[in-house]
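Novice: Please see the structure below; I have some questions.
The values are calculated or read from the model by the stated rules, or taken from the named source; none is laboratory data. This structure is a prediction, so every number in the text was calculated from the model and none was measured. As a convention, Cβ positions derive from the backbone with ideal geometry for all residues, glycine included, and neighbour counts pool all protein chains shown. Only protein heavy atoms, including side chains, enter the accessible area calculation; ligands, DNA and RNA are left aside. Shrake-Rupley method; radii C 1.70, N 1.55, O 1.52, S 1.80 Å.
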Amino acid sequence: MWWRVLSLLAWFPLQEAFLTNHKETITVEEGQNLTLKCVTALTKAASLQWLTPSGFTIFLNERPAFKNSKYQLLHHSANQLSITVPNVTMQDEGVYKCLRYSSSVSTKEVKVIVLATPLKPILEASIVRSQNREDHIVFKCSTTRSKPPPQITWLLGDGTELFSGAHHEFETDGKKCNTTSTLTVHTYSKNSTVNCVIRHKGLQGKKLVAPFQFENLVTDEETVSDALERSSLSSQDTQQPTSTVSVVVDSSTLETDKEEKEQTTPAFVLPTEASPQYLGVARRKSGILLLTLVSFLIFILFIIVQLFIMKLRKAHVTWKRENDISENTLESYRSRSNNEETSSQEKNGQTSHPKRCMDYITKLYSDAKTKRKENTQHSMLKEKHTQIPESIV
């Protein structure tokens, strides 16, 4: 009996210490919902608080710290505070803390890891023919935007699975990466197959598979051989160039480790690059296309200029016509004004001519009268002067 009592008394401090030092790790895929629970078995009244990885308060009991927040309250009681984070992104990754305020402060830490599943792989196959006419195929399998980096292996048709190494290139955020793996095959048959297999934690035991069949390269290889023979006949160089035929497969299947391997045909085949002559033809075609495009643009520009000139000429003709009309109107107005002025002057001249004649006649008459009077006075004086000496004598 006493042993049980002592066990119960020791359980509460141990539980308090357990809550203080408790750490939990949650792994969630990008785009899913994250649920965070903070539960305590203590019956004492306490306050619970969730903090973001950056230290900001999310909820204090049932009260949110922000009005417009992506965090949602699921449940709140005296001993539990549960929240959810919908549509998790890489920015939601970190260590969340739950604080319990009572007689002492207890802390619970939850480390959240966000996984980014890789995109469907792209498989490229290139036939490389060296100068000594030895062929080999280089396979390149790549996938993008995964966290953590995926594992890429090569599964052959006989069931052999190979690991050829992988190159990881991280993006600017330092979290997601692009992964590429290559495989070189020197010997193969028409019925051979090879699969690019991608495994990742976010696939939950499944895997992405990009299959390839070698029979799709037979026709392309024959095309390369014919092109090389034509090139060797027309070229004076004794060395044969290296040729490449590329095939890209972007189809992938998602299967579990227990499912059978599916074989599908490639999505499409890229053009063959067989010789420098092919490159010359391709360049000439691109040059002709560029020249045609430039000529078409120049023709369109010429049409636009002609339309602009026609519109400008039409506007000039309209302006000239209006200007001529205005000049004729002004000339007519001036002529009418001159005629009116001339007629008025003539009329004024006819009315004033008799008056001027009368004034001139009056002046002549007055001058003649004055001169006659002066002559009379002079003659009288002369007669008087001649009579005085006779009397004296």
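Novice: Would you confirm whether or not segment 117-126 contains a residue that is small (Gly, Ala, Ser) and touching a residue at least 60 places away in the same chain (Cβ under 8 Å)?
Specialist: Yes - at least one qualifying residue is present in segment 117-126.
Novice: Tell me which residues, restricted to segment 46-56, are part of a strand (DSSP E or B) and either open to solvent by 50 Å² or more (accessible area, probe 1.4 Å) or not small (Gly, Ala, Ser) (or both).
Specialist: Selection gives Leu48, Gln49, Trp50, Leu51.
Novice: Wholly within segment 83-192, which strands (runs of 3 or more DSSP E) include no fewer than the required count, namely at least 1 residues that are within 30 Å of Phe214 (Cα to Cα)?
Specialist: 122-129, 135-146, 151-156, 167-170, 177-185
Novice: So, Arg100, is that one assigned by the TED database to the domain that holds Thr179 and open to solvent by less than 50 Å² (accessible area, probe 1.4 Å) or not?
Specialist: no
Novice: For Lys363, state whether it is loosely packed, with under 10 Cβ neighbours inside 10 Å, of a type outside the set (A, V, I, L, M) and modelled with pLDDT of 60 or more.
Specialist: No, not satisfied.
Novice: Between Val105, Val110, which is in contact (Cβ under 8 Å) with a residue 60 or more places away in the chain and in the same structural domain as Gln32 (by the TED database)?
Specialist: Exactly one of Val105, Val110 is in contact (Cβ under 8 Å) with a residue 60 or more places away in the chain and in the same structural domain as Gln32 (by the TED database), namely Val110.
Novice: Restrict the check to segment 57-78 and report whether at least one residue is surrounded by fewer than 16 Cβ atoms within 10 Å (Cβ to Cβ), of a type in the set (A, V, I, L, M) and at pLDDT below 90.
Specialist: Yes, there is a match, as at least one residue in segment 57-78 is surrounded by fewer than 16 Cβ atoms within 10 Å (Cβ to Cβ), of a type in the set (A, V, I, L, M) and at pLDDT below 90.
Novice: Inside segment 157-176, can you point out the residues that are touching a strand residue (DSSP E or B) at 6+ places or on another chain (Cβ under 6 Å) and open to solvent by 30 Å² or more (accessible area, probe 1.4 Å)?
Specialist: Correct list: Gly157, Glu161, Leu162, Phe163, Ser164, Ala166, His167, His168, Glu169, Phe170, Lys175.
Novice: Could you please let me know if Thr27 is closer than 30 Å to Trp154 by Cα, touching a strand residue (DSSP E or B) at 6+ places or on another chain (Cβ under 8 Å) and loosely packed, with under 13 Cβ neighbours inside 10 Å?
Specialist: Yes; evaluated as a whole, the condition is true for this residue.
Novice: At pLDDT below 90 and open to solvent by less than 20 Å² (accessible area, probe 1.4 Å) - does that describe any residue in segment 134-146?
Specialist: Taking every residue of segment 134-146 in turn, at least one turns out to be at pLDDT below 90 and open to solvent by less than 20 Å² (accessible area, probe 1.4 Å).
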